Structure formats: structure tokens, C-alpha cells
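Below: the structure, in C-alpha cells.
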Amino acid sequence: MRFAKWPGQQHLFVRLMIPYISFMIVALCLGGLFYKMTYDVVKDEVTGSNMQLLEQVKETMDIRFSEINTIALQLLNDPMVQSFARVSNPFSNTTTYKVLETQKNLYSYNTSNNFVLDYYLIFKNSNLALSSNSIYELPSFYKYVLSSSGTDYDTWRGDLFSTYRNREVMASGSAQYQGKPYDMLTYVQSLGYPGYIQGALVILVDNRKLKSLLSGVDVSDGGWVSIIDNEGRVVSSLSGDGTVPNLEPSAYPAASGIIEASGRTNDMMVTYTKSSYNNWSYVVAQPPHVVLGKVISIKKITYFVALAFLMVGMVLAYLFATRSGKPLVQIFSTLTDRSSGLSLRRPKDMYGFIQNSLSALIDNNAALQGEITRQAPLLWESFYERLLKGEFLSLDEINTLLKHQHIEIDGAAYAIGILHFRGGDRGINADALRKLDIERVLIKEALRLTLGDGLYVHDVAEDKIAILFIDPAGDSIVFRQKIEQAIAETAAEIGERLALGLYFAIGGFRTSLLDVSGSYEEARQSLSSITYEEIVQTAWFYDLPSENSLFYFPGEVENRLSNYTKAGESEELRRLLDSLFRENFQERHLPLAMQQLFCYEMISCLVKLQEQLMLQYPEKVGSLLQQLSITENLREVYRGAAEIFLSMSAEADQRKKSRNVKLIDSILAYIQEQFGEANLSLDAVADHMNISKGYMSQFFKEQTGTNFSDYLENLRMNEAKALLANTGLPIRDIAEQVGYHSTNTFCRAFKRGNGLSATAFRDSATG
């Protein structure tokens, strides 16, 4: 009874289990399909390799025996050979001279055909055997030159001259040649005609040459490879156990083919091909496990993997279904408990309930995103703090961050002001700090009312606020007047709300946002000069008395000097060096000792940078130190140090450019290699190069002067035009080769970029 209720109780489990089982079935079916395809490919590869070897052997044999037939034809048609065939008494009178002339006229063909061991013209009437280098009487020839095992001279001579042979190749066998045992083939062509035989041409072929051609076949475990003539005789054979197979030519009716293993083939898989030249058969027989060793191994592995996959898949499907179901039930239970007592039991209601709940969560997330947008000022605070500290290396970096925050700051000059507000004695208890927070909020609101939308402020302390003033016109006098007017209006607005002392300190004007950190330092210096004797006071850096006793080289300037050098920002570095020179050697009248201290500070910074950048200028630095101790013209010392700074910056920039060149070369090479892939994109290239998509886009545009998508489309279009003009490929194939998913997309892109269709372009290019 309990088992009968199980499906109803486990409906969610079954519902989750079905996708996993379906996935396994599809995977197994695909695996079976891939196995069948792999089996056929490997089988065709192995049998095709044997067939290719046989075809090569057949082609070589046909060529060599065709050459032998040509040699025989040349010898038999030689007039001197034909004339000598009628000589019966070779050593009488002048006939001896004819023997020598005939022998001298013979050519050594074994130099041009490495199959030919040697050849002999054997004459019946004169009882002589002639070759290109020797003359023998037949008894001596048979005894010392060429003899067959188990055959005497008379039998051999009678067989040679009794049967007319026309280009007959005798099967390979053991023979004695010049006193040594040989395994050779004998090519015989009779002289004369049937019924009137005057001799024979015997060409000796070394059977080892044939076996070397067949040695590439694996004949292990009873396998063999043979060459069979049209009468069923084994011309040459090679086997693992040394046996010679007994074969019939009728067993191989076709020109070539493969015969599967069966009882008729002694359980061997046979591959064969026939020669159209002499109708010889070239046959390889191998056990199936040798031929299909790879296939059988793949088959075993496939069955094992499929079984293991099925078993493991069932277990994992059960575990995953159970594991997936539990969180779903828990989520449903949690949502149900939080949802006004709603009770849902059916699975479809469960999914619907979860879907509605997720919709509510998405709505809440949208509200949260709006709140995050309202919190964007926090990002501005971080940016403003880095700006005041001089941590930015270039205007591009500043503009990028401003663009990200949807803020635009554009002016001809900039100045930093610090507002210090004081309200009498303040403690450090919670009430005092809370009151200070309220005052700061009210002051910012007053600043917003007086300065408008272009207000950029930053808290630099509990009671100090930094203000960025922007001059759009570039007139310093008008800019100062506007700042004074803004200060007066702000003081009046705050005075109506709070009884506080307001003290404004304004730094010098700067023409770039990169330099406002200097204005901030000057504002801090101006603030230190305020006496706090009045309720509202303003201190301008330009109004401070010039102090000529100390050199100017604050920490933030040293940081910028180091950062510009390491980043290779030579232009910004030159501007900063010129500014330091102007400040310490022109605007300030420093004593000689103070100028020396300033130069020592510069050289100290130089030495530290050398270690960080692993660049060494020991001779130049040593020369500067020596010059510093003996000269009073410290301006030259400063200029020497400045030149070293600029040299280090140039080398750092060169390193950076070198890395950029390598990177862009790698990117272009990868695009050139992969542009035919339809999935090639900016993201794919960035992932391959291990860089971000944003950097990849900006870097590619900087280095090539064009967008990635335009560059890729131009590359594909150039290749497409070359294919259209120089080949007859269909437009569909060309679109696929140059990386387009469909012909329609390719045609639209081609017409957009070239002003005419692909078909019209091909007609104009080939017309």
C-alpha cells in the first residue's frame, strides 16, 4: 500500500529526475553514433593503409617488369644476337671474332634497373651463354654460374630448349648463382619461335628486392603477404611463420577489394589488388585482431565507458534530483511561511508561487539599484580624494573616471578652496560630534544654494570642506572676483542658519586637473596663516608673503615626479620639472645652501627611482654629486638631474610601447588566423589574450586607428573579394570561409561595404 502511494508522494522527485535521465539517454545515443563513426573511420584507415601499400608495390613491380620486357625486346631484336643464334661452331676460323663482337655489344642493364641481378643469352646451336661481361660454355655455365637445386644439367638444358616461353616469370626459389645461394625469380624469353627454338634470354631478379617492398605489412600471428601470377603460382611471399600460402587467382575476381574474415579465408581478413599490366594479384592476409586492433580497443573502451556512464549517471541523477528537490521544498516552505498563510501543495502551484515571489524580489532589487545610484556620491568622494592627493597619472585617467560617473568638469583654470568652520569650544563626546555632522550638512546645503549645480566639495576633516572652483573663461582676475563673490554669498547664507566662524583658504590657480593637488597644498598653507580673530576670514595663497628661506619640494610633488617617470609620461614630467625650476630658482631667492639641499632631494629621488625601475646611470649621478660639491651654478646641476629623469621616463615609455607592439602583433596575428571563424568577436580575442574587453577595445583603437568590428569586417571582405575574383566557389561557401553564419548576412555586409552585390562584383571582376 505504501509502495502504491509512492509515485504520488514523490511527484516532485520524479519530475526532477526525468530531465537527468533524458539527458543520459541523449548522451548515450550520441556516444553510440560517434562510436559507429569512429569505428568506420579507423577501419577504413587501417585497411586503406594496407591497400595503399599494395598499390605502391604493384605500381613498382609493373614499372620494373615493364623495363625488363623492354630490355628483352631490345636484346632479341639486336641483329648481332639474331645472327649469332644460327652459329653452330663458335670457335672455328673467324667465328671466334663474332663471339667476341656479340658479347662486347651487350649492355649491363642492372645499373639502370636494381631488380636485375644479371642476364644471360643462352644459345642452343653454339652451346654458349653470353652476358655483358662473360662468355661460358653451357656445362661450365650451369656448374659455376647458375644452377637450380635438385636439377641436373641435362634436365635443365632439355627443359630450357624444349618449351617455348614468352616473357615467362618463373616462381621464386632457391638457386646457386656464382657459387652462392640465392632466392631469385627467373625471367625467360625464348629465341626463335614455337617449334624452332634457338636459345633463350634468362634475366635474374633478386627476390630480396621484392620482399623488401612487402616488408611494410604486419605479418605477425600467422599473417602473410604474397604476389601471385595469373596461373596461381606464388611469385614472391612473406609470412610471419615462413610458410607459403596456396592460393587461386579466382578467389580475387575484382580489380581490388577487401574480404572479411571467414572459414573460406582461414579466419583472415584479406586485402588484395590486381595489376592490369600482367594480371598478377597482390594479397595481404592478417588476423582481424591485428588489422582492427585499434577498433577493437575502441569498442571495449566504449562499452566500458557507456556502462560506467549509465551506472554513475543513474546514481548522480538520483542524488541531483534529491538534492535539487530539497532546496526547492525549503524555498517554497520559507516563502509560504512569509506569505500571509497561503498554502499551496501541487507542484505547478509551487513553481507559480516561487515565480511570483521572484518577481517581487526583482522589483525590490530595482528599488535597491535606484538606491545605489543615489549613493553614487561615495564614488565621487573617492575620486576627489585621489585628485587632491595627486594620485592620477594622466588626464585620460581622470576623464575616464568622470565619464563613468556621468560628470563633466571642463574649465580653463581651477583652484581649490578649504572652508574651515568653527563654533567655539567643541568636545569629543557623541553629542558634539552629532552637532558637527549637522553643521556640516547644513553648510553643504548652503554651498549648493550659492554655487549651484557646479558644486564639487569633499570632506577633508570633520570641520573642513574642500571646494573645487572652476574658471570657464581663463581670466584670472575675473576668476578671483567670482570666487570672492561666491565666498561672500556663502558666508551670508550660512550666517542666517548657524552662528559659526567661517574661514576660507584659497590656493593658487591651475590650468589642468592634474595640478589641482598643488592648489590644495597651497590652500592648506594659506589656512595655516589664518589668525581666527574674526568671524569670517579669507586667505589667498597669492597674498601670502614670499618666503625665500625654504625650497619648494612637498611630498605630493615628489610622488607625482616618481609616478610620471615610472609611467613614461614625459610631457607631464617636463611640465612638473619646469614648474619646480621656476618655483625654486626664479620665484624664490634661495640661499646657496638651500639650493644645494633642494638638489640633494632631487638626486635622492632619482636614486630611488633607479632602483625601482632597475635602470642604472651611475656615472651621470656620480658626476652630478661631484658637480654639486664644487660648483655654485646649481641650476646646471638641476638641469642635469632633470635630463636623467626625462631619460628614465623615455626608457620606461619605450618599455611600455615595446609591450604594446608585442601585444598588438599577437592580437593581429590571432585575428588573421581565426577570422574565418564565425564566433570570432572582441570578447573572444580579449579572453584569448587574457585582457579585459574594455581595455581591448580602447587599446585596439589606439594602436590601429580603427574599431575592432570594422577591422574584422574589412579583413573578411578583402578575403571574400579575392575568392570571388579568383575562384568559382559558390557564394554560400565563400560566406562560410570568411566567417559568416548565413549567406544573407554576408551579402548585406558585402553590399554595405562595397556598394554592389557579391554576384555583381564577381561578374565585373571576371568579365
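The values are calculated or read from the model by the stated rules, or taken from the named source; none is laboratory data. All values reported here derive from a predicted model rather than from experimental measurement. So basically every Cβ, Gly included, is an ideal-geometry build from the backbone, and we count neighbours across all protein chains shown. When the accessible area is computed, the model is the full protein with side chains, heavy atoms only, and any ligands, DNA or RNA have been set aside. Shrake-Rupley method; radii C 1.70, N 1.55, O 1.52, S 1.80 Å.
If you take the Cα centroid of the range 559-608 and the Cα centroid of the range 693-758, the two points sit 52 Å apart. Stretched out straight at 0.36 nm per residue, the stretch from residue 722 to residue 760 would grow longer than its current Cα-Cα span by 12.3 nm.
When 406, 741 are compared by accessible surface with a 1.4 Å probe, the order from highest to lowest is 406, 741. The spacing between the range 166-225 and the range 21-81, judged by their C-alpha centroids, is 25 Å. Taking a sphere under 13 Å around the Cβ of residue 757 and counting the other residues whose Cβ falls inside, with K and R at +1 and D and E at -1, yields a net charge of +4. Taken along the Cα-to-beta-carbon direction at a fixed 7 Å, the label points for residue 410 and residue 394 span 2.1 nm.
The heavy atoms of residue 159 offer some 70 square angstrom of accessible surface to a 1.4 angstrom probe.
Given a Förster distance of 30 Å, report the FRET efficiency between residue 445 and residue 512 from their Cβ-Cβ distance, rounded to the nearest 0.05. In this case the efficiency is close to 0.50. Over the range 641-690, accessible surface divided per residue gives 54 Å², non-protein components excluded, 1.4 Å probe.
Mean separation of Cα pairs under 8 Å and 6 or more residues apart, divided by the residue count, gives the range 377-494 a relative contact order of 32 percent.
For the range 71-154, applying the loop criterion from DSSP together with a ceiling of 16 other beta carbons within 10 Å to the trypsin sites (Lys or Arg not before Pro) yields 86. Semi-axis lengths, largest first, of the ellipsoid equivalent to the range 46-171 are 33, 18, 13 Å, with √(5λ) applied to each eigenvalue of the Cα gyration tensor. Within the straight-line cut-off of under 21 Å between alpha carbons, the lysines reachable from residue 36 are 294, 299, 300, sequence neighbours fewer than 8 places apart in one chain being disregarded.
Legend: residues 732, 762, 639, sorted from most to least accessible area (1.4 Å probe; ligands, DNA and RNA excluded), read 732, 639, 762.
The spread of Cα positions in the range 414-503, taken along each principal axis and listed from longest to shortest, comes to 46, 24, 21 Å.
Listed by chain and number, the lysines placed with their C-alpha closer than 22 angstrom to that of residue 435 are 444, 464; residues fewer than eight positions away on the same chain are left out. Remark: spin-label model distance residue 614-residue 704 equals 3.2 nm, labels positioned 7 Å along the Cα→Cβ axis. Projected label points at residue 556 and residue 579, each 7 Å from Cα along the beta carbon direction, are separated by 1.0 nanometres.
Per-residue extension of 0.36 nm, minus the Cα-Cα distance of residue 459 and residue 256, leaves a gain of 63.8 nm for this segment.
Nonpolar atom fraction for the range 401-477, defined as the carbon and sulfur part of the 1.4 Å probe accessible area, stands at 52 percent. Computed from the C-beta positions of residue 604 and residue 626, the FRET efficiency with R₀ = 22 Å rounds to 0.90. Taking a straight Cα-Cα cut-off under 22 Å and skipping sequence neighbours fewer than 8 places away in the same chain, the lysines within cross-link reach of residue 104 are 124.
Applying the criteria of a DSSP loop state and at most 15 other Cβ atoms within 10 Å to the trypsin sites (Lys or Arg not before Pro) of the range 654-704 yields no site. When 303, 552, 119 are compared by accessible surface with a 1.4 Å probe, the order from highest to lowest is 303, 552, 119.
Cross-link pairs exceeding 23 Å in C-alpha to C-alpha distance, out of 58/211; 662/701; 566/657; 58/180, comprise 58/180. Each residue was assigned an accessible area with a 1.4 Å probe, and for residue 218 the value is about 80 Å².
Could you give log10 I(q)/I(0) at q = 0.14, 0.16, 0.25 Å⁻¹ for the range 631-683, computed by the Debye formula over C-alpha point scatterers of equal weight, without solvent? Evaluating at q = 0.14, 0.16, 0.25 Å⁻¹ gives log10 I(q)/I(0) of -0.58, -0.65, -0.91. Calculated FRET efficiency, residue 366 to residue 643, Cβ-Cβ distance, R0 = 35 Å: about 0.05 to the nearest 0.05.
Taking all protein chains as shown and a probe of 1.4 angstrom, residue 301 keeps an accessible surface of around 100 Å².
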